[in-house]
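The values are calculated or read from the model by the stated rules, or taken from the named source; none is laboratory data. Quantities reported herein were computed from a predicted structural model and do not represent experimental measurements. All Cβ positions, glycine included, derive from the backbone under ideal geometry; neighbour counts span all protein chains shown.
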Amino acid sequence: MSFHGSDISATNDERKRLLSVQADADYDEIVIIQSPKKGSSWYSSVFLVVNAALGAGLLNFPEAYHEAGGVVVAIFVQALFLVFIVTAIMILAYCSDMNSVGTYQDVVRTVCGRNAQRASAMFLTTYCFGTCITFLIIIGDQWEEFFLFVAKKFYCENHPWYMDRISTIVITSFILILPLCFPKRIDFLKYASFIGVLGILYVVAMVTIKYFLPHDPPGPIKTKPDTWMDVFHVVPTICFAYQCHVSIIPIYSCMEPRNLKQFSKTVSVAMFLCVATYTGTAAFGYLTFGDLITSDILLSYDPDPAVIIAVILIAVKTYTTYPILLFCGRAAFECLWTDLRGLSPSVIAEQERTRRIVTTVIWFVATLALAVFIPNIGIVIEILGAFAAVFIFIFPGMCMLAATMTQVNSSGQWTGRRKYLVGFSCCFITLGTFIFGLTLAQSIMNFTAGGIKADKSKYTC
């Protein structure tokens, strides 16, 4: 079996050879191998994983705790789902090693077949596109709050075009995001990711400290859900918040050395940081405001320098995360595009640079155009959380099931371990299907019942 995928997933030995292109008879894929390039260490990869996981979900987590029925209930649900989330990451990494592939959809293909790859690429493209829109919405919100703090009177009376939400999104995104979206390798973003992670840690510290400082009395605080169904309100936010699975294979492919032992260190440290960050922000943020919490936690605070610094750092962090999701979404879209057009391996390799640039520009402009018309991230996160469940549960479950059945067919033996893996795989798939259907239905009902409402904060004119 030869190596598949882009240069991001080249193995150590193959990196020593010059650029070459050859067709794989089994998968009709391209082998792109380049001269030696140093990969990322396990600890530098931590920042890529954390930056991919920590994002818009952080701002929405406190409200999700309220909707789920309080801190204790939400933390219990979160702990339960973390078992599946981490297991799914290791399943994907194990399956990627089976054929040395470098993208999520290629992992699905090598284990589950071409039709499964097409389905995963469609879901992945949709999810990454929606997430990129969410990131741009956050950027616009943060700059608006910044201007209202530093020049409220001037901003409210004159509202100059260069301070307008649309202008700030468009101008800063072209300057700070677009140049980071063109590289072929995802580990190009590891240094920018380090800056983004530091910004997130500041937000967690600020929310925690403000809880212990004197503040206005909170609204009513829930200690249990109103109905058992309310527990599932936190599920889409958990799935969206911890969803780094679409990025995990490209990140793993760039590691040096690439093996599960080193990768397990990366995942352990990254998940510890994510859990501490999300849980601390959600618990202290919710306990500070109770049911007065907004879908964006920063909009709930009185404007002061500490909050404004957090606003700026969230914007900076978002600038560094958008390219990661665009990278993964672009790879999935190109997979569909080349498959539907039936392009030969040589044509795919020849047109790679042009296709990458054109796809990046179209993706960027389309998400930018949609972001200026959507005022609230809450409904977007609910819908994207449903799609995230597909990547966390359904496709990893399918990969585990297919890999186990391949071992059974090759050896003709049903061991106790293999029976357990088949049962666990079925649980993965069933749970993922249930979560996807339920959370998507809930988000659609919330949207049709109340429409999209913009958050009202204390930063108003």
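Residue-wise test of (1) within 19 Å of F387 (Cβ to Cβ); (2) aliphatic (A, V, I, L, M); (3) out of contact with any helix residue (DSSP H, G or I) (no Cβ under 9 Å at 6 or more places or on another chain).
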{"residue": "V86", "(1), (2), (3)": "no, yes, no"}
{"residue": "Y94", "(1), (2), (3)": "no, no, no"}
{"residue": "Y104", "(1), (2), (3)": "yes, no, no"}
{"residue": "G140", "(1), (2), (3)": "no, no, no"}
{"residue": "F146", "(1), (2), (3)": "no, no, no"}
{"residue": "N158", "(1), (2), (3)": "no, no, yes"}
## Note on the structure
Over the stretch 348-375, the set of residues free of Cβ contacts under 8 Å to residues at least 24 places away in the same chain and polar (S, T, N, Q) is Q351, T354
### Task
Hey, can you tell me all the residues within the stretch 199-220 that are surrounded by 15 or more Cβ atoms within 10 Å (Cβ to Cβ), hydrophobic (A, V, I, L, M, F, W, C) and over 23 Å from the mean Cα position of the chain (by Cα)?
M206
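Listed here are the residues, each with its yes/no results for (1) out of contact with any Lys or Arg (no Cβ under 7 Å at 6 or more places or on another chain); (2) farther than 30 Å from Q105 by Cβ; (3) modelled with pLDDT under 85.
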{"residue": "A121", "(1), (2), (3)": "yes, no, no"}
{"residue": "Q142", "(1), (2), (3)": "yes, yes, yes"}
{"residue": "F147", "(1), (2), (3)": "yes, yes, no"}
{"residue": "F154", "(1), (2), (3)": "yes, yes, no"}
{"residue": "L176", "(1), (2), (3)": "yes, no, no"}
{"residue": "I195", "(1), (2), (3)": "yes, no, yes"}
{"residue": "Y202", "(1), (2), (3)": "yes, yes, no"}
{"residue": "I209", "(1), (2), (3)": "yes, yes, no"}
{"residue": "F212", "(1), (2), (3)": "yes, yes, no"}
### Query
Only one of Q105, Q78 is under 30 Å from G342 (Cα atoms), of a type outside the set (A, V, I, L, M), buried (at least 20 other Cβ atoms within 10 Å of the Cβ) and touching a residue at least 60 places away in the same chain (Cβ under 8 Å); which?
Q105
### Query
Between a first residue in the stretch 166-179 that is over 16 Å from L326 (Cβ atoms) and without any contact (Cβ under 8 Å) to a residue 60 or more places away in the chain and a second residue that is in a helix (DSSP H, G or I) and not β-branched (V, I, T), which pairs have beta carbons less than 7 Å apart while being 6 or more apart in sequence or on different chains?
S167/W161; T168/G140; T168/W143
### Query
In the stretch 233-268, how many residues are assigned to a helix (DSSP H, G or I), within 17 Å of the chain's Cα centre (by Cα) and hydrophobic (A, V, I, L, M, F, W, C)?
11
